[in-house]
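Colleague: Attaching a single structure in structure tokens format; questions to follow.
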Amino acid sequence: MTMIEVYGWLCALAGMLAILPQVQRLVTTRTSAGLSLLMFQLTTGGVLGWVVHGLNYGALNVIVPNAFTALMNLAVLALMQRDRGLSPLRVW
């Protein structure tokens, strides 16, 4: 593995870990106050697009972090839907 590949994986790891404090806060406080529904919807769409791109090229360094981030974003959206009493149509 080259240094640039190691750097790429480290950046991917940092990106994956970036959402964890938000998920932890949402789970422990049980409130989604202050979170933007639209931001999480757009981010989820973006990372799912990267997953598809990574699958097309067989790039694990694109697939793994974006799939993890997509799962975390989907969890946040589900928690926001439940907390705010939103209809599934509005969220999904």
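The values are calculated or read from the model by the stated rules, or taken from the named source; none is laboratory data. Quantities reported herein were computed from a predicted structural model and do not represent experimental measurements. Note: ideal-geometry Cβ built from the backbone for every residue, glycine included; neighbour counts use all protein chains shown. Just so you know, the surface numbers come from the protein's heavy atoms only, side chains and all, with ligands and any DNA or RNA stripped out. Shrake-Rupley method; radii C 1.70, N 1.55, O 1.52, S 1.80 Å.
Colleague: Filter segment 3-17 for residues that are free of Cβ contacts under 8 Å to residues at least 12 places away in the same chain and open to solvent by less than 70 Å² (accessible area, probe 1.4 Å) and give the result.
Modeller: Result: V6, C11, A14.
Colleague: Still on this structure, please answer the following. Which of the following residues is in a helix (DSSP H, G or I), modelled with pLDDT under 95 and small (G, A, S): A33, A70, A14?
Modeller: Within the list A33, A70, A14, the selection yields A14.
Colleague: Residue under question is T28, and the condition is that it be within 26 Å of R84 (Cβ to Cβ), surrounded by 13 or more Cβ atoms within 10 Å (Cβ to Cβ) and not aromatic (F, W, Y); does it hold?
Modeller: No: the conditions fail for T28.
Colleague: Suppose we filter segment 36-48 for residues that are open to solvent by 40 Å² or more (accessible area, probe 1.4 Å) and assigned to a helix (DSSP H, G or I); how many remain?
Modeller: Final tally of qualifying residues: 7.
Colleague: Right, another one. When A59 is evaluated against the numbered criteria (1) more than 15 Å from the chain's Cα centre (by Cα); (2) open to solvent by 40 Å² or more (accessible area, probe 1.4 Å); (3) among the small types (G, A, S), which criterion, by number, is the only one it fails?
Modeller: Tallying (1) more than 15 Å from the chain's Cα centre (by Cα); (2) open to solvent by 40 Å² or more (accessible area, probe 1.4 Å); (3) among the small types (G, A, S), A59 fails exactly one: (2).
Colleague: Output the qualifying pairs, or none if there are none: Cβ atoms under 6 angstrom, residues six or more apart or on different chains, first residue in segment 46-70 and touching a residue at least 60 places away in the same chain (Cβ under 8 Å) and over 12 Å from A12 (Cα atoms), second residue open to solvent by 80 Å² or more (accessible area, probe 1.4 Å) and not in a helix (DSSP H, G or I).
Modeller: As it stands, the answer is none, since no pair meets every condition given.
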